[in-house]
Amino acid sequence: MERTFVMVKPDGVRNGLIGDIVSRFEKKGFTLRGIKLMHIDRPLAERHYGEHREKPFFGELVDYLTSGEVCAMVWEGKHAVANARSLIGKTNPVEAVPGTIRGDFAMDVASNVVHGSDSPENAEREISLFFGDSAAAVYLFTSPPLTHSPNVTPH
Ligand code: GTP
Ligand code: MG
């Protein structure tokens with residue numbers, strides 16, 4: 001079964017969109033195979049978007065991706081790459097139709113909420129880059145540590 005790499009970008013995490021995005025993939029019929037909240041450093045961002053290295057916006061793209069935590073995910077399903085990209089919508093939110101993730105949640109190409117691999121080959125490359133050999137695992141982000149839950153009375 002095909003897999004794809006999807007990442008909620010820092011603006012998506014900041015705006016509380018992880019749940020909605022995960023939900024859309026689940027409802028579409030994808031199976032979640034890996035997920036982790038992480039902070040990307042510049043070398044990883046540069047490798048991930050290596051094909052855009054010569055573009056005028058490359059520096060801005062790397063600044064954006066490293067500006068906060070991202071949620072990296074592996075989703076599996078039939079035609080996973082193409083189905084994910086149709087859920088995500090066009091690169092420029094101005095052109096992304098309502099009903100797609102970028103059409104519903106983004107305004108500007110420089111902060112378009114989510115990434116999806118553009119080919120099965122790139123999907124496997126990106127999964128290796130972000131998950132190494134552990135793509136089947138579910139990761140929990142534990143830093144900073146949770147000290148207490150405000151809604152639970154200790155006993
Ligand atoms: P990804 O799923 O993030 O790879 O987007 P995409 O495949 O729809 O588009 P592409 O790979 O061509 O571009 C990668 C990312 O570069 C886009 O998602 C945008 O975040 C960013 N980007 C593209 N064009 C511009 C631009 O003109 N200015 C800026 N600042 N960022 C851009
Ligand atoms: Mg792309």
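The values are calculated or read from the model by the stated rules, or taken from the named source; none is laboratory data. Bear in mind the structure is a predicted one, so any value in this text is a computation, not a measurement. Note that each Cβ is placed from the backbone with ideal geometry, even for glycine, and that neighbours are counted across all protein chains shown.
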| field | Residue identified as aliphatic (A, V, I, L, M) and assigned to a loop (DSSP other than H, G, I, E, B) among 1, 38 | value | 1
| task | Being among the small types (Gly, Ala, Ser) and buried (at least 17 other Cβ atoms within 10 Å of the Cβ) is the filter here, so list the residues in segment 13-35 that pass it. | result | 34
| remark: Being over 16 Å from the mean Cα position of the chain (by Cα) and surrounded by 21 or more Cβ atoms within 10 Å (Cβ to Cβ) narrows 72, 96, 84, 80 down to just 96
| Mind checking whether some residue in segment 47-61 is in contact (Cβ under 8 Å) with a residue 60 or more places away in the chain and under 14 Å from the mean Cα position of the chain (by Cα)? | yes
| Single match in 77, 19, 12, 59 (criterion: at pLDDT 95 or above, more than 13 Å from ligand 1 (Cβ to nearest atom), over 16 Å from residue 124 (Cα atoms) and of a type outside the set (Lys, Arg)) | 19
| If you take the residues of segment 84-111 that are part of a helix (DSSP H, G or I) and under 15 Å from residue 17 (Cβ atoms), which of them is farthest from ligand 2 (Cβ to nearest atom)? | 104
| residue 70, sole failed condition from (1) part of a strand (DSSP E or B); (2) away from ligand 2 (no atom under 16 Å from the Cβ); (3) at pLDDT 95 or above | (2)
| message | Whether any residue in segment 5-28 is basic (Lys, Arg) and touching a His at 6+ places or on another chain (Cβ under 7 Å) is what I want to check. | response | yes
| said: Just the residues that are in a helix (DSSP H, G or I) and either closer than 28 Å to residue 28 by Cα or within 16 Å of ligand 2 (Cβ to nearest atom) (or both), please, taken from segment 55-67. | reply: 58, 60, 61, 62, 64, 65
| query | Name the residues in segment 112-130 that are within 12 Å of ligand 2 (Cβ to nearest atom), closer than 23 Å to residue 26 by Cβ and part of a loop (DSSP other than H, G, I, E, B), would you? | reply | 112, 117, 118
| task | Please tell me if residue 108 is at pLDDT 95 or above, within 14 Å of the chain's Cα centre (by Cα), of a type in the set (D, E, K, R) and over 20 Å from residue 35 (Cβ atoms). | result | no
